[in-house]
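To start, the structure under review is shown below, and the notes come after it.
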Amino acid sequence: MRKKKLVWAITTLIVGLATLVTGIVFLVMNLNKGAAAQDGDYLVAQENWTLSDSDKVVWDFTEIGKGTLTTNGHENDYEFKWALEDGKLKIETDWLYELENEYDYTLDQSNGKLTLSADGKEYEFVANS
């Protein structure tokens, strides 16, 4: 009977130590990852975003939900409203008429890249900090 209790005690100790080590490993991994800014805050924090293959297309997320854009190197600037929902960037632009677009997006904060995709096309914007 005493031998069974000793086996259970040692087993419980080993399982507890394994759980503790696993917890420490995950804690260290999360601490080393750094605090990534929320996507919306990061978009706003950058000075503006330039389309990678055209320096005339510039988006500026001025504040959460609002911004300006140009497609011709600031000859004309247009205001837009934006939102991030379920992995999508939704933009409503006050152009010559009301224009609504929705893009799947990925944001690489470590490299300052915003990739948008819609209708089989992909657009890459680069942050100008």
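The values are calculated or read from the model by the stated rules, or taken from the named source; none is laboratory data. This is a predicted model, so every value here is computed, not measured. Cβ sites come from the backbone with ideal geometry, for glycine too, and all protein chains shown count toward neighbours. These area figures cover heavy atoms from the full protein model, side chains too; ligands, DNA and RNA do not enter into them. Shrake-Rupley method; radii C 1.70, N 1.55, O 1.52, S 1.80 Å.
The single condition from (1) assigned to a helix (DSSP H, G or I); (2) under 20 Å from Thr106 (Cβ atoms) that Leu27 fails is (2).
Filtering Ser110, Ser117 for residues that are modelled with pLDDT under 95 and of a type in the set (Ser, Thr, Tyr) leaves a single hit, Ser110.
A count restricted to region 88-110 and to residues that are outside any strand (DSSP E or B) and under 17 Å from Asp41 (Cβ atoms) stands at 2.
Which members of region 96-122 meet the condition of being touching a strand residue (DSSP E or B) at 6+ places or on another chain (Cβ under 6 Å) and open to solvent by 80 Å² or more (accessible area, probe 1.4 Å)? Answer for region 96-122, where residues must be touching a strand residue (DSSP E or B) at 6+ places or on another chain (Cβ under 6 Å) and open to solvent by 80 Å² or more (accessible area, probe 1.4 Å): Glu100, Glu102, Thr106.
Within region 71-95, take every residue that is acidic (Asp, Glu) and closer than 20 Å to Asp55 by Cα and give me the one that is most open to solvent (accessible area, probe 1.4 Å). In this case the residue turns out to be Glu75.
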